[in-house]
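The values are calculated or read from the model by the stated rules, or taken from the named source; none is laboratory data. In this text, all values refer to a predicted model and were calculated from it rather than measured experimentally. Ligands, DNA and RNA are excluded from the accessible area calculation, which covers all protein heavy atoms including side chains. Shrake-Rupley method; radii C 1.70, N 1.55, O 1.52, S 1.80 Å.
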Amino acid sequence: MCFLRRPGAPASWIWWRMLRQVLRRGLQSFCHRLGLCVSRHPVFFLTVPAVLTITFGLSALKRFQPEGDLERLVAPSHSLAKIERSLASSLFPLDQSKSQLYSDLHTPGRYGRVILLSPPGDNILLQAEGILQTHRAVLEMKDGRNGFIGHQLGGVVEVPNSKDQRVKSARAIQITYYLQTYGSATQDLIGEKWENEFCKLVRKLQEEHQDLHLYSLASFSLWRDFHKTSILARSKVLVSLVLILTTATLSSSMKDCLRSKPFLGLLGVLTVCISIVTAAGIFFITDGKYNSTLLGIPFFAMGHGTKGVFELLSGWRRTRENLPFKDRVADAYSDVMVTYTMTSSLYFITFGMGASPFTNIEAVKVFCQNMCVSILLNYFYIFSFFGSCLVFAGQLEQNRYHSIFCCKIPSAEYLDRKPVWFQTVMSDGHQQASHHETNPYQHHFIQHFLREHYNEWITNIYVKPFVVILYLIYASFSFMGCLQISDRANIINLLASDSPSVSYAMVQQKYFSNYSPVIGFYIYEPLDYWNSSVQEDLRRLCSGFAAVSWVEQYYQFLKVSNISANNKSDFIGVLQSLFLKKPEFQHFRNDIIFSKAGDENNIIASRLYLVARTSRDKQKEVIEVLEKLRPLSLSKSIRFIVFNPSFVFMDHYGLSVTVPVLIAGFGVLLVLILTFFLVIHPLGNFWLILSVTSIELGVLGLMTLWNVDMDCISILCLIYTLNFAIDHCAPLLYTFVLATEHTRTQCIKSSLQEHGTAILQNVTSFLIGLVPLLFVPSNLTFTLFKCLLLTGGCTLLHCFVILPVFLTFFPPSKKHHKKKKRAKRKEREEIECIEIQENPDHVTTV
């Protein structure tokens, strides 16, 4: 190998170029030897993956277990809300105040809720009989352990000009039944049974009361409807598999019965499937628990695995037919596996970041762990199992066996005596080949379309301005969408769309969005409540809220009773001896913690209850209230925490915007580092990073415009978009920068002809496989479909429209290749002239 130094080129540049070439040649040599090893021992490489799949697949069936804790999955593992809940639980244990409505503020516990909605134009207050019948039926349930019944009106219309806010009518009423479980396992099972019976009772009462609409919700409803997505999607995933199998089989077929490879397309998809089954077995053997977010793994793994399958098929078509089939397999590995190894490494590293302890969302962590195992097994199965299938198919082709019927192809003389249909079925394509064509694989319908039609059209000078305009439109919409990203994520986005939980949430959002959930305000340090400045600070903190406060009630009591309590002893004495002994104030005993030091009593902690006035976007305003109150607990003299069980999930929403951006940025940096030593021309790195960034931002912006919220599914899809873009753009760009044609246009034509078939086959199979997800009635699958559709669409747009045009405008330049070729041609012409002068008879012979 010889490296010529260009005039003016620094020595360091030459050494870096030499190093990159040596590393690339080394990797190609390793892959070539790997291909030879597989081609010489195909039975071994076919048997080992099959045995692994059978072993781990059976284990997956035996150890399958669904995840039962939804909070553990979708709420941040380490959040301030969980710390606040622990502190609240330690101050005010559950079993000391179960008779009160707000005693369950630091844990949702077991409960049943029902919303009774009147028809449009009716007043729910006039249907008291139906409400009372429903209430009595719930209270009479077997094993009912209700602790308190909370009620709330929704869709309220007040009497005009009413000073005391008198209610004129209401559309809905919400009743909550809290259960007493005390954390006991036995009582928890009884509570679960009661909740099931409660939901059945509500459905039964709905049939009896046709004039009312009843919507029920229990503590287990969210988990049930989250897991329901997997049940609904089972048949649709099988349909997706059939569609991908059909597409892969048809796209791998040719009229040439010798070189057609329909079974290889079929076996390639099955190879990815058995690798996914093996990964699932390993996941369950290591005590993993299934959840509905893992539904995306088959689609993620299929998108990467089939890319390797179709690239190996394209690499096989580029090999020389006169070589032995073992050498052809080795050449295909040398040509394809370097890039496929790099992209698989990026998949593993990127999802490995998501599986690291730094990831704060358990659902994302579990998904990424499973995805890493799937990628490793996917890579192993592609070069072993599918490589063995390629060896057997190559042997059949070399021995001139039919690619479908596996019988000997008859001679041309024999075919001439047979009917036309027999000639069509058994023809090996030589009859259709032109005299000047040396590669019969050019007859593949996708390659023919790209070579004869598409390549000329996309590089036409009159098409390029429209492509530039198209990209400007694409960039504008993407940028506009990125500016509108907001943390509107909702746990409802992970549930089945036709589930009772979603119906309940929609009605609650419509009619009960005027007020926030009850927020617990916990003062966890001793405080001088009798001090006027402290009283003023408390009033200032509670201003703007509707408060249920023992402090306000006590101050009002002192004022009405004309009692002075300006010091500690009087304040606590009157509180204990008079205020808390009155029947109407006895429930405040559970909200104050006293301690006694000698003869002196102290208040070491207490709690209040706050409710904020909200608009229709209730969730966003509650998050704003939480973000405003938390900093005040550090800046004010009063040390307090605020908590509601929903805060555990709301902490996730602030992180959901930053996590995908950080992962995408770090992933792009990884691309730069990993590809620097594998690409001869540094501009290949630059173009790859630009392309991936454009696709990633495009998917993010268009996803926002399509009303896709930032939840754990969309975060995972954004991580996958980064890798999917690299998977398809990298081979195209690397081939372009290494091409030695005279012009950029010829180089991009060569790149499309070499990799366009595999890209089009893979993206088409990927997008067709997504179609059945549309028919799964689940918000989770809708999000998955939208994100993956945008991923495939944007990648296809860049590979076949944007890059082929933009690469003809910008560097790398191909002039030095043109000069080298001219010099070689001139040298060759001079040698020919010398030979002609020495042997003039040779000219006469020619």
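Miscellaneous remarks
- Solvent-accessible surface of protein heavy atoms, probed at 1.4 angstrom with all chains present, puts Lys582, Lys193, Lys255 in the order Lys255, Lys193, Lys582, largest first.
- In Å², nearest 10: area of Phe30 left accessible to a 1.4 Å probe: 120
- In Å², nearest 10: area of Ile623 left accessible to a 1.4 Å probe: 10
- Entry note, region 518-643: relative contact order of 44 percent, from Cα contacts under 8 Å with a spacing of 6+ residues.
- With all protein chains modelled, accessible area of Lys628 [1.4 Å, Å²]: 140
- Placed amide H near Phe64: partners under 5 Å, 5+ positions off or other chain: none
- Apportionment of accessible area to carbon and sulfur, region 518-643, percent (1.4 Å): 49
- Ranking of Asp428, Asp188 by solvent-accessible surface, largest first: Asp188, Asp428 (1.4 Å probe, protein heavy atoms only, all chains present).
- Taking only the alpha carbons of region 345-435, we obtain Rg and Dmax values of 23.9, 72 Å in that order.
- Accessible surface ranking for Leu797, Leu738, Leu688, 1.4 angstrom probe, highest first: Leu738, Leu797, Leu688.
- Per residue, region 518-643 exposes an accessible area of 51 Å² to a 1.4 Å probe, with every protein chain left in place.
- The share of accessible area on region 740-815 that comes from carbon and sulfur is 70 percent, using a 1.4 angstrom probe.
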